[in-house]
Amino acid sequence: MQKLTYIVIQLAILFFSIIVHEVSHGYAALRSGDPTAKYSGRLTLNPLRHIDPFGTVVLPILLILMRSPFLIGWAKPVPINPYYLRNPKKDMAKIGAAGPLSNLGLAIIFAIIYRITGMGFISFFLLYAVFINLLLFLFNLVPVPPLDGSRIVAGFLTHDAYEKYMRIEPYGFIIVFALLFLLFNSVLIPAVRLMCRLLTGVVI
C-alpha cells in the first residue's frame, strides 16, 4: 500500500509538472497575440484537458511496470496558430522557451520548500519534484524538432537556414530516442543530478 501511495504521488507530481509546461506555452502564445489555446480551453490546470493517451498514461505506466528509476511523460501539446503572432519568428522562440522555463521555475520553488522544511516524509517527494522538473527542463531544450529547443534555435536562424533545419522534423522522434539511448545516463542524468545538488544541497 505504501509503495502504491508513493507511485500515485509521483505520478501526480509528474502530471502537474507537464501540465504547467503546456499551459506556459499557451500563456506565452496568448501574450504574443495568439488566443488559440485560450479558446480551446487549454489555459487550465485541469488534467482532463491535457491528457495525451500515450505520453500521459501509457508511457508512465510502462515505466512503472519496468521498474524504471524515473518517471517521465508529456501532455497533449497546446494548439498554436503562428498567423496570430505579432512577430512569428521571435514569438515562437519565446513560446518554445516558456515550457522549459516553467519547469525550471517549479524546480527552484520545490527546492526552496525542501530547504525550508528539511528532512521528513515529504522530503522524498520534494526531491523527486525538483529532479523531474529539471529533467523536463533539460530534455525539452534538446534542439531537435518537435522539442522546444528546436523552436528556440529556429528563432535565431535565417529563412534559408530554418528551411534546411526543419527538414529533420520528420525524423525528429527517431533522433530524440537515439540521443536518449546514447546520452541519457551518460550526459542528461548527471547534468540533472548536478543541478539538483546545486539547488537542494543533496546528492540524488
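Among 166, 66, 92, the residue with the largest mean-square fluctuation in a Gaussian network model of the chain, with springs joining Cα atoms closer than 10 Å, is 66. If you fit an axis through the alpha-carbon atoms of helix 123-140 and take the longest principal axis of the Cα set of the chain, what angle between them do you get, 0 to 90°, nearest 10? Roughly 20 degrees between the two axes. Could you work out the local net charge near residue 134, counting Lys and Arg as +1, Asp and Glu as -1, over the other residues with Cβ closer than 13 Å to its Cβ? Cβ neighbours under 13 Å give a net charge of +2. Size of the chain: Rg and Dmax of its alpha carbons, in Å, are 17.5, 57.
Computed over the Cα atoms of the range 1-104, the ratio of the radius of gyration to the Kirkwood radius (Rg/Rh) comes to 1.06. Lysine pairs in the chain whose alpha-carbon atoms fall under 23 angstrom of each other, counting only those eight or more residues apart or on distinct chains, come to 9.
Once both labels are positioned 7 Å from their Cα atoms along Cα-to-Cβ, the gap between residue 191 and residue 46 label points is 3.6 nm. Extending 7 Å from the Cα toward the beta-carbon at both residue 169 and residue 157 defines two label points whose distance is 1.0 nm. The label-point distance for residue 12 and residue 109, in a model that sets each label 7 Å from Cα toward Cβ, rounds to 1.6 nm.
Values in this text are rule-based calculations from the coordinates and carry no lab data. Predicted, not measured: the structure shown is a model, and the values here were computed from it. So basically every Cβ, Gly included, is an ideal-geometry build from the backbone, and we count neighbours across all protein chains shown.
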